[in-house]
Amino acid sequence: MTMNATVPGALGVATPVFVDAAAAFIAANDFDRPTLVVSRDRVSAQYDALHAGLGRAHIHYAVKANPAAQIIRLLVEKGSGFDAASRQEIELCLAQGAKPEHISFGNTIKRASDIAFAFSAGVTLFAADSEAELEKIAAHAPGARVYIRLIVENSMADWPLSRKFGCAPSALPDLLDHARDLGLVPYGLSFHVGSQTRKAEFWNPVLDQVSVLWHAARADGHDLQLLNLGGGFPAFYGEDIEAPRAYAAAVMQAVETRFGAVPQIMAEPGRGLVAEAGHIAAEVMLVSRKSADDLHRWVYLDIGRFSGLAETEGEAIRYQIATPHDGGETGPCVLAGPSCDSADILYEKRPIHLPLALKSGDKVMIRNCGAYTSSYSSVGFNGFPPLDVIVL
Ligand SMILES: *Cc1c(COP(=O)(O)O)cnc(C)c1O
């Protein structure tokens, strides 16, 4: 299938445009259950754009965003590294041909036997944010390289990652010393600016904090080699974002001015690599009103919070929905999933506008769902099957 065509741009120069292969596939096929369709060519193009913008920073794809084996294999072929969170994710990457030295074990909460497995498989780069985790790593991966994850403040992300991960800045000096005393190699620092950080400039206050700690640690005698920028690269969900290459280049520019000569830089895009490459084919189950004078319609889809759309939690990520009636008159809707759980409501506080003609049985397409959908779908809550995935 040919995904890219060239058309004359405004200046008569040929510029590439996307033929949206996933959307075309959804339009041309019938699905008997919610199905995520992902285009590998689109992932590939997104990788190229991020790679070009990131320059010397090495990409370690955050596997949890979409663990489809074909996507992992494609990224192996393109030279990507991988940020894995568990033994299973490491095994997946290895099975698809990734070299262990290109896999980092980035979860700060690891099972001891998973650390031992990773180390025996050749993985030598681990994340930690506490003394106890460093001790586990020292016991099961002696001499390994560790980077310390920091809590950063001022996250402007649409999906912030909270205080669950990272140590407070004040804890960093002791952790680096502790790592060294345990025979580990204090190799670098990491942070996560928050997922779906829509503008590159939102990174600046975070980079300010981390660079102060970086320089202080080096002044303390820790010869840090690695700055791990984490993820946060955005996807298009309706609100404007910068193009991936320009965004990544702006982040790198901000890094270079603050950090100077960092030997090794790593970035861990998840959403920014795969979200726009996939759409979900879904179906309207029911359109109803709670009373004759109800101003809102309730629209129930065959996919909800538990079958792939978990990121609608807090109405944080607002997906765009294409319907067969687009262009017609619209009205406000509460959007909900099909399961018998009252939490299975996608958008209620901020209703979404959908065509008045929408009715049960209509096929709809939920756009830019390639990240954090299949990996978040339950195995069978209420008997609904997990999200089906087709990789083109
Ligand atoms: C989830 C995660 C990422 C990916 O974040 P995105 O916002 O999807 O790019 C990167 N690094 C770590 C450690 C993560 O846990």
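The values are calculated or read from the model by the stated rules, or taken from the named source; none is laboratory data. Since the model is a prediction, treat every value here as computed from it, not as a measurement. Note that each Cβ is placed from the backbone with ideal geometry, even for glycine, and that neighbours are counted across all protein chains shown.
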Quiz prompt | Test: residue in segment 266-273 that is touching a Cys at 6+ places or on another chain (Cβ under 9 Å) and farther than 20 Å from Ile317 by Cα | solution = no
Quiz item: Taking Glu311, is it outside any loop (DSSP other than H, G, I, E, B) and either in contact (Cβ under 8 Å) with a residue 60 or more places away in the chain or crowded, with 21+ Cβ neighbours inside 10 Å (or both)?
Solution: yes
Exercise. Kindly indicate which of Ala200, Ala141, Ala157 is within 15 Å of the ligand (Cβ to nearest atom), crowded, with 22+ Cβ neighbours inside 10 Å and not acidic (Asp, Glu).
Key: Ala200
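Every residue, every condition in (1) assigned to a loop (DSSP other than H, G, I, E, B); (2) within 13 Å of the ligand (Cβ to nearest atom); (3) touching a Pro at 6+ places or on another chain (Cβ under 7 Å), yes or no:
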| position | (1), (2), (3) |
| --- | --- |
| Pro67 | yes, yes, no |
| Gln70 | no, no, no |
| Leu75 | no, no, no |
| Gly79 | yes, no, no |
| Phe82 | no, yes, no |
| Gln88 | no, no, no |
| Cys93 | no, no, no |
| Glu101 | no, no, no |
| Ser104 | no, yes, no |
Self-check item: All positions within segment 360-379 that are loosely packed, with under 14 Cβ neighbours inside 10 Å and on the phi < 0 side of the Ramachandran plot
Solution: Ser360, Val379
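So if I check each of Ser342, Ser375, which one is under 30 Å from Arg73 (Cα atoms), at pLDDT below 95 and not assigned by TED's automatic domain parsing to the domain that holds Met156?
Selected residue: Ser375, the only one of Ser342, Ser375 that is under 30 Å from Arg73 (Cα atoms), at pLDDT below 95 and not assigned by TED's automatic domain parsing to the domain that holds Met156.
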Quiz item: So which strands (runs of 3 or more DSSP E) are wholly in segment 110-221 and hold at least 3 residues that are within 28 Å of Lys99 (Cβ to Cβ), within 21 Å of the chain's Cα centre (by Cα) and among the aliphatic types (A, V, I, L, M)?
Solution: 125-128
Quiz item: Has segment 188-196 got at least one residue that is out of contact with any His (no Cβ under 9 Å at 6 or more places or on another chain), surrounded by fewer than 22 Cβ atoms within 10 Å (Cβ to Cβ) and either assigned by TED's automatic domain parsing to the domain that holds Tyr47 or under 22 Å from Val262 (Cα atoms) (or both)?
Solution: no
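Yes/no matrix, rows are residues, columns are (1) in contact with a Ser or Thr (Cβ under 8 Å, 6 or more places away or on another chain); (2) surrounded by 19 or more Cβ atoms within 10 Å (Cβ to Cβ); (3) in a loop (DSSP other than H, G, I, E, B):
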residue: Ala250; (1), (2), (3): no, no, no
residue: His279; (1), (2), (3): no, yes, no
residue: Met285; (1), (2), (3): yes, no, no
residue: Ser307; (1), (2), (3): yes, yes, yes
Exercise. Scan segment 240-251 and give yes if some residue there is within 16 Å of the ligand (Cβ to nearest atom), within 30 Å of Ser342 (Cα to Cα) and acidic (Asp, Glu), otherwise no.
Key: no
Self-check item: segment 222-236, residues that are within 13 Å of the ligand (Cβ to nearest atom) and assigned to a loop (DSSP other than H, G, I, E, B)
Solution: Leu229, Gly230, Gly231, Gly232, Phe233, Pro234, Ala235
Exercise. Please state which one of Val262, Val274, Val255 is within 15 Å of the ligand (Cβ to nearest atom), surrounded by 17 or more Cβ atoms within 10 Å (Cβ to Cβ) and more than 26 Å from Pro355 (Cβ to Cβ).
Key: Val274
Self-check item: Count - residues of segment 73-89 that are under 19 Å from Leu125 (Cα atoms) and in contact with a helix residue (DSSP H, G or I) (Cβ under 7 Å, 6 or more places away or on another chain)
Solution: 9
Quiz item: In segment 20-50, how many residues are in contact with a Ser or Thr (Cβ under 8 Å, 6 or more places away or on another chain) and more than 14 Å from Lys363 (Cα to Cα)?
Solution: 4
Quiz item: Which of the residues that make up segment 18-40 are more than 18 Å from the chain's Cα centre (by Cα) and in a helix (DSSP H, G or I)?
Solution: Ala21, Ala22, Ala23, Ala24, Phe25, Ile26, Ala27, Ala28
